[in-house]
Amino acid sequence: MNLDELKKGWGVLNERLSQNEVVSQRIIKEMILSKTNSAYESLYQASKWSLMVIFFGGLLLPFAKMQGMPIYRETFIAMETFIFLGFLFEGYMFYLLSRFNLNTMKVDEAMRSMLKYKKMYINNQRCAKYGALLIIIVCMGLQNAFTPLVIALTILFTLIAFFLGYTQDKRLRQSLQEIEDGLRELKEYE
């Protein structure tokens, strides 16, 4: 074998190696993209369900009132206002999520979008918990419903709601973290 044949063979091997590196980089990027999109889809579905629960929760109170449930006007207004504000807030968060698309957005833009959503999510968690507890107490006061049974049931349902909220919050924060990690990794391949 002469030197020219060795150089030619070495060049072919070098070209194959560079092609394999490009393919490997693309496969890694697609895996990161898939994982990030999966975490996003989990977050999106949870937001969609939250929006529906709030909407139907808002319809439940007028339905109960039409069925003859004794609800004072002030209680009704306070609860429906709180539900409406929650619906608007959750609707805006859903809107932010619906704009997130890794196939059309640049990574920096997606990172800004997720940061905005995360800030809204954290504010929602702070306000919703204490706001709901406050509205329950105010409405109980307006209804003169401070009987031991009502207090016990309110405490029970409040604890259940806080537990469910905590587990949901933990799962959603994990999805947010996975999205942020995926975006940081995708930034390296841009």
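Going through LEU17, LEU102, LEU88 one at a time, which residue ends up being modelled with pLDDT under 90 and either more than 25 Å from LYS170 (Cβ to Cβ) or open to solvent by 40 Å² or more (accessible area, probe 1.4 Å) (or both)? Lay out the reasoning, then the answer.
On the way: LEU102 fails: either more than 25 Å from LYS170 (Cβ to Cβ) or open to solvent by 40 Å² or more (accessible area, probe 1.4 Å) (or both); LEU88 fails: modelled with pLDDT under 90.
Only one candidate qualifies: LEU17.
Does TYR117 count as open to solvent by less than 60 Å² (accessible area, probe 1.4 Å) and assigned to a helix (DSSP H, G or I)?
Numbers: open to solvent by less than 60 Å² (accessible area, probe 1.4 Å): yes; assigned to a helix (DSSP H, G or I): yes.
Yes: the conditions hold for TYR117.
Inside the stretch 1-31, can you point out the residues that are outside any helix (DSSP H, G or I) and under 30 Å from GLU188 (Cα atoms)?
So the first thing to find is which residues in the stretch 1-31 are outside any helix (DSSP H, G or I), and the list is 1-2.
Passing the criteria: none in range.
Which condition does ILE71 not pass, out of (1) under 30 Å from LEU142 (Cβ atoms); (2) assigned to a helix (DSSP H, G or I); (3) aliphatic (A, V, I, L, M), if it passes all the others?
ILE71 satisfies all of (1) under 30 Å from LEU142 (Cβ atoms); (2) assigned to a helix (DSSP H, G or I); (3) aliphatic (A, V, I, L, M) except (2).
Go through the stretch 136-190 and count every residue that is farther than 30 Å from LEU43 by Cα and open to solvent by less than 80 Å² (accessible area, probe 1.4 Å). Give the derivation first.
Taking the stretch 136-190 as the starting set, the residues that turn out to be farther than 30 Å from LEU43 by Cα are 137-153.
From the residues that got through so far, the ones that are open to solvent by less than 80 Å² (accessible area, probe 1.4 Å) too are 138-143, 145, 147, 150-153.
Number of matching residues: 12.
Go through the stretch 97-109 residue by residue and tally those that are over 12 Å from the mean Cα position of the chain (by Cα) and in a loop (DSSP other than H, G, I, E, B).
Qualifying residue count for the region: 7.
In this structure, does PHE94 turn out to be assigned to a helix (DSSP H, G or I) and in contact with a Lys or Arg (Cβ under 7 Å, 6 or more places away or on another chain)? Write out each step before concluding.
On the way: assigned to a helix (DSSP H, G or I): yes; in contact with a Lys or Arg (Cβ under 7 Å, 6 or more places away or on another chain): yes.
Yes.
Please pick out the residue among ILE77, ILE27, ILE54 that is in contact with a helix residue (DSSP H, G or I) (Cβ under 9 Å, 6 or more places away or on another chain) and either among the β-branched types (Val, Ile, Thr) or under 20 Å from GLY165 (Cβ atoms) (or both). Steps first, answer last, please.
Details: ILE77 fails: in contact with a helix residue (DSSP H, G or I) (Cβ under 9 Å, 6 or more places away or on another chain); ILE27 fails: in contact with a helix residue (DSSP H, G or I) (Cβ under 9 Å, 6 or more places away or on another chain).
The unique qualifying residue is ILE54.
Among (1) open to solvent by 40 Å² or more (accessible area, probe 1.4 Å); (2) modelled with pLDDT of 85 or more, which single condition is LEU96 missing?
With respect to (1) open to solvent by 40 Å² or more (accessible area, probe 1.4 Å); (2) modelled with pLDDT of 85 or more, LEU96 is out only on (1).
When you look at ARG112, is it within 21 Å of ASN37 (Cα to Cα) and either part of a helix (DSSP H, G or I) or under 20 Å from the mean Cα position of the chain (by Cα) (or both), yes or no? Walk me through it before giving the result.
Numbers: within 21 Å of ASN37 (Cα to Cα): yes; either part of a helix (DSSP H, G or I) or under 20 Å from the mean Cα position of the chain (by Cα) (or both): yes.
Yes: the conditions hold for ARG112.
So that you can scan it fast, the table gives a plain yes or no per residue for (1) closer than 21 Å to TRP49 by Cα; (2) exposed (fewer than 15 other Cβ atoms within 10 Å of the Cβ); (3) at pLDDT below 90:
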| residue | (1), (2), (3) |
| --- | --- |
| ILE71 | no, no, yes |
| PHE76 | no, no, yes |
| ILE83 | yes, no, yes |
| TYR92 | yes, yes, no |
| LYS106 | no, yes, yes |
| TYR121 | yes, no, yes |
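Of all residues being among the aromatic types (Phe, Trp, Tyr) and open to solvent by 70 Å² or more (accessible area, probe 1.4 Å) in the stretch 20-67, which is farthest from the chain's Cα centre (by Cα)? Just the residue, please.
Looking at the filtered set, the residue picked out is PHE63.
The values are calculated or read from the model by the stated rules, or taken from the named source; none is laboratory data. Treat the numbers as computed from the prediction; the structure is a model and nothing was measured. Don't worry about glycine lacking a Cβ; one is built from the backbone with ideal geometry, like all the others, and counts go over all protein chains shown. Calculation scope for accessible area: heavy atoms of the full protein, side chains included, ligands and nucleic acids excluded. Shrake-Rupley method; radii C 1.70, N 1.55, O 1.52, S 1.80 Å.
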